[in-house]
Amino acid sequence: MTISVSRDVFKLAEAFTISRGSRTEAHVLTVRVTRGGVSGWGECVPYARYGETLDSVTAEIVGLPEAISRADLQEALPAGAARNAVDCALWDLEAKAAGVRVWDLAGLPAPGPERTAYTLSLDTPDNMEAAARRHAARPLLKIKLGTPDDMPRLEAVRRGAPRSRIIVDANEGWSAAVYADLAPHLLRLGVALVEQPLPAGEDAALVGMDRPVPVCADESCHDRASLSALKGKYDVVNIKLDKTGGLTEALALRTAALAEGYDLMVGCMVGSSLAMAPAVMLAQGAMVTDLDGPLLLAQDRDTPLRYDADGVHPPEPALWG
């Protein structure tokens with residue numbers, strides 16, 4: 001078996017801004033594994049928040065033994081972007097070699113479409129209201145916040161999209177005091193969920209705080225080892241393949257989180273349809289699906305995922321799985 005890694009750049013349809021910065025391109029790593037003339041592939045998005053760069057993740061991947069199995073991979077690399085791309089490529093390889101779909105290998109029912117959130121970038125209240133109006137027909141909007149001055153933004157988005165379901169992502173940008181002040185307004189404005197209101201290292205402050213809407217762990221939840229530290233703080237966990245280190249651990253985290261009583265959100269980094277494809281299977285029945293990465297791109301992979309009024313559909317074999 002051979003493992004190769006390459007860099008790809010996808011232009012965004014418009015600038016994407018969160019509390020940590022703005023970008024106009026998605027920089028991803030594409031991994032291909034080939035054995036016996038059959039190839040599988042996967043994608044990851046190295047994330048600076050977790051100390052990852054394109055170079056560091058590439059080095060992790062090229063350092064792997066070429067004959068590594070998916071089981072051995074779980075011990076060879078930690079949870080993160082490098083393991084994700086290789087793990088998903090190995091799932092794809094196994095499915096193609098066996099002539100079946102990935103969900104058959106995993107012992108799961110065939111997936112269907114899942115309605116996904118559409119993300120509005122952090123911006124001025126006027127610009128966010130205008131963006132909300134443009135996308136007011138979408139059933140679920142996710143708005144990026146994370147500053148001490150977010151109340152006008154919340155009000156503006158609700159004015160722009162009065163009928164959409166709204167979720168809020170603070171990206172660790174609020175203090176406990178800011179969250180406590182905003183929490184009753186989240187309920188008043190019909191917000192369905194708030195992601196990671198406090199920094200992961202400061203989320204102990206959530207214990208005992210009023211949570212009028214469900215609070216979701218994102219940066220605080222990576223894999224199953226994260227779950228023990230979430231008790232009393234969160235109601236929902238956001239499973240992302242680049243955090244879990246691939247579909248193998250993501251499926252295990254999904255089972256463990258449900259067993260411990262958490263609701264599920266399945267999210268993504270800003271990447272192509274190849275990055276989202278495994279997560280569609282993972283998102284079946286989740287409280288929130290947030291797999292809008294390809295909708296934010298100006299260009300995508302060949303044979304991209306299909307998005308329509310029913311949501312994001314499972315991938316065609318030509319894409320993945």
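The values are calculated or read from the model by the stated rules, or taken from the named source; none is laboratory data. Everything numeric in this text was worked out from a predicted model, so none of it was measured. All Cβ positions, glycine included, derive from the backbone under ideal geometry; neighbour counts span all protein chains shown. These accessible areas exclude ligands, DNA and RNA; they are computed on the full protein's heavy atoms, side chains included. Shrake-Rupley method; radii C 1.70, N 1.55, O 1.52, S 1.80 Å.
Does Asp300 meet the test of being within 16 Å of Cys44 (Cα to Cα) and over 14 Å from the mean Cα position of the chain (by Cα)? Here the answer is yes, as Asp300 does meet what is asked. For the range 20-31, the criterion of being under 16 Å from Ala85 (Cα atoms) and more than 18 Å from the chain's Cα centre (by Cα) is satisfied by at least one residue. When you scan the range 77-106, how many residues do you find that are assigned to a helix (DSSP H, G or I), more than 19 Å from Ser6 (Cα to Cα), of a type outside the set (Lys, Arg) and open to solvent by 10 Å² or more (accessible area, probe 1.4 Å)? Of the residues in the range 77-106, 7 are assigned to a helix (DSSP H, G or I), more than 19 Å from Ser6 (Cα to Cα), of a type outside the set (Lys, Arg) and open to solvent by 10 Å² or more (accessible area, probe 1.4 Å). Summed over the range 164-176, residues that are outside any loop (DSSP other than H, G, I, E, B) and open to solvent by 30 Å² or more (accessible area, probe 1.4 Å) total 2. Total residues in the range 131-163 satisfying the condition of being open to solvent by 40 Å² or more (accessible area, probe 1.4 Å) and over 19 Å from Leu187 (Cα atoms): the figure is 4.
From (1) in contact with a strand residue (DSSP E or B) (Cβ under 9 Å, 6 or more places away or on another chain); (2) free of Cβ contacts under 8 Å to residues at least 60 places away in the same chain; (3) charged (D, E, K, R), pick out the condition that doesn't hold for Asp242. The number of the failed condition is (2).
Residue check: is Thr255 without any contact (Cβ under 8 Å) to a residue 24 or more places away in the chain and part of a helix (DSSP H, G or I)? Answer is yes for this residue.
Matching residues to (1) exposed (fewer than 14 other Cβ atoms within 10 Å of the Cβ); (2) part of a strand (DSSP E or B); (3) modelled with pLDDT of 95 or more; (4) more than 18 Å from the chain's Cα centre (by Cα):
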residue	(1), (2), (3), (4)
Val5	no, yes, yes, yes
Phe10	no, yes, yes, no
Ala15	yes, yes, no, yes
Ser39	no, yes, yes, yes
Pro46	no, no, yes, no
Arg49	yes, no, no, no
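Residue under question is Met287, and the condition is that it be open to solvent by 40 Å² or more (accessible area, probe 1.4 Å) and within 16 Å of the chain's Cα centre (by Cα); does it hold? The answer is yes for Met287. Scanning the range 58-70 for residues that are without any contact (Cβ under 8 Å) to a residue 40 or more places away in the chain, part of a helix (DSSP H, G or I) and surrounded by fewer than 18 Cβ atoms within 10 Å (Cβ to Cβ) yields a single hit, Ala59. Within the range 243-262, identify whether any single residue is open to solvent by 10 Å² or more (accessible area, probe 1.4 Å), touching a Gly at 6+ places or on another chain (Cβ under 7 Å) and within 30 Å of Asp8 (Cα to Cα), and answer yes or no. No, that holds for no residue.
Evaluate the following for Val270: is it under 19 Å from Lys142 (Cβ atoms), β-branched (Val, Ile, Thr), open to solvent by less than 20 Å² (accessible area, probe 1.4 Å) and assigned to a helix (DSSP H, G or I)? No: the conditions fail for Val270.
Among the residues of the range 216-230, some residue qualifies, meaning at least one is open to solvent by 10 Å² or more (accessible area, probe 1.4 Å), touching a Lys or Arg at 6+ places or on another chain (Cβ under 6 Å) and not basic (Lys, Arg). Within the range 168-212, the set of residues being of a type in the set (Val, Ile, Thr) and within 22 Å of Cys268 (Cβ to Cβ) comprises Val168, Val191, Val194.
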